[in-house]
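Note sheet for the following structure.
Rule-based calculations on the coordinates, nothing more; no lab input. Being a predicted model, the structure only gives us computed values, none of them experimental. Here the Cβ is made from the backbone with ideal geometry for all residues, glycine too, and neighbour counts use every protein chain on show.
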Amino acid sequence: MGTANQKTIQQIQSENSDFFRIAFSVDCVIFGFHKNELNVLLLKSDLEEFKDKWSLLGDLVRTDENLDDAPYRILQERTGLKDVFLEQVSTFGDIDRHPAGRVITTVYYSLINVKDHLLRLQHHELSWFPVTKMPQLAFDHYKILQTCIKKLQDKIDKEPVVFNLLPEKFSLRELQNLYEAILDTKLDRRNFRKKLFLMDWLEDAKEMEQDVPHRPGKLYHYRASTTKPATAQTLVQ
């Protein structure tokens with residue numbers, strides 16, 4: 001038996017009509033590592049209000065689409081990428097963040113090996129940009145990007161996420177260059193390697209670098225079975 005204060009769905013919709021006009025979107029921050037720089041994948045904005053500016057890869061969440069399905073659909077449509085690592089980072093909902101109206105966006109970030117994930121769709125104006133040399137970004141995408149960089153910086157000593165940015169086999173030189181690019185700081189070579197091996201994340205691939213302009217170094221690969229956690233800020237001390 002119902003109570004006097006119960007409402008129907010129609011009543012709720014009528015009394016809160018403004019709330020049901022709010023749109024939801026998804027934005028994807030795709031990181032790659034190229035030429036010793038951390039890069040992010042950007043799309044030339046097609047909105048007149050943001051002419052000559054660039055944006056992260058995003059779209060509105062469809063009415064028949066679950067939130068976590070949207071970023072995978074967007075990546076495949078815009079870039080041809082699929083089966084990539086994605087992690088939800090945060091939600092941004094400033095009132096005036098979108099010129100068309102109230103749009104709340106949920107942000108996901110992905111780390112990919114640029115060489116293994118070639119962009120198969122050429123008709124979109126896609127380009128990689130070093131995070132230290134950003135063009136003008138549309139919406140609040142610079143704020144979103146900085147949030148994702150901070151998230152990545154906080155995680156790299158705790159979880160082995162950086163290996164998604166590297167080829168299957170890599171040298172310690174490449175790995176240190178990657179850490180330095182993400183943290184935007186120089187690391188002491190000896191301390192970095194000593195503390196890295198304490199994490200037990202690496203396994204000797206029993207191969208050497210080939211065709212490099214410096215003395216060839218050993219190649220390693222990520223030890224996928226490792227479970228030993230690292231402490232925060234281990235590699236930057």
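Among GLY32, GLY217, GLY58, the largest mean-square fluctuation in a Gaussian network model of the chain, built with springs joining Cα atoms closer than 10 Å, belongs to GLY217.
Taking every C-alpha pair closer than 8 Å and separated by at least 6 residues, the mean separation divided by the residue count of the stretch 77-217 gives a relative contact order of 20 percent.
Over 21 Å between Cα atoms: which of LYS44/LYS133; LYS133/LYS186; LYS82/LYS158; LYS82/LYS133 fall into that group? Please list the in-between numbers first.
Values: LYS44/LYS133 16 Å; LYS133/LYS186 18 Å; LYS82/LYS158 26 Å; LYS82/LYS133 27 Å.
Among LYS44/LYS133; LYS133/LYS186; LYS82/LYS158; LYS82/LYS133, the Cα-Cα distance tops 21 Å for LYS82/LYS158; LYS82/LYS133.
Packing around the peptides 104-117, 64-77, 203-216, taken as the average count of other Cβ atoms within 10 Å per residue, puts them in this order, highest first: 104-117, 64-77, 203-216.
Centre-to-centre, using Cα atoms only, the stretch 21-99 and the stretch 151-200 are separated by 26 Å. The C-alpha atoms of the chain define a longest principal axis, and helix 141-155 lies at about 50 degrees to it. The relative contact order of the chain, computed from alpha carbon pairs under 8 Å that lie at least 6 residues apart in sequence, is 20 percent.
Give, rounded to the nearest 20 debye, the magnitude of the charge dipole that the stretch 26-87 has about its Cα centre when Lys and Arg contribute +1 at Cβ and Asp and Glu contribute -1 at Cβ. Numbers along the way, then the final one.
On the way: 8 positive and 14 negative charges, 65 e Å.
Roughly 320 debye, rounded to the nearest 20.
Using a cut-off of 31 Å between Cα atoms, the listed pairs LYS143/LYS206; LYS53/LYS169; LYS143/LYS218; LYS35/LYS151 include LYS143/LYS206; LYS53/LYS169; LYS143/LYS218 as exceeding that distance. Based on alpha-carbon atoms, the Kirkwood radius and the radius of gyration of the chain give Rg/Rh equal to 1.07.
Geometric descriptor of the stretch 17-155, per residue, is 119 Å³ (volume of the convex hull of the Cα atoms).
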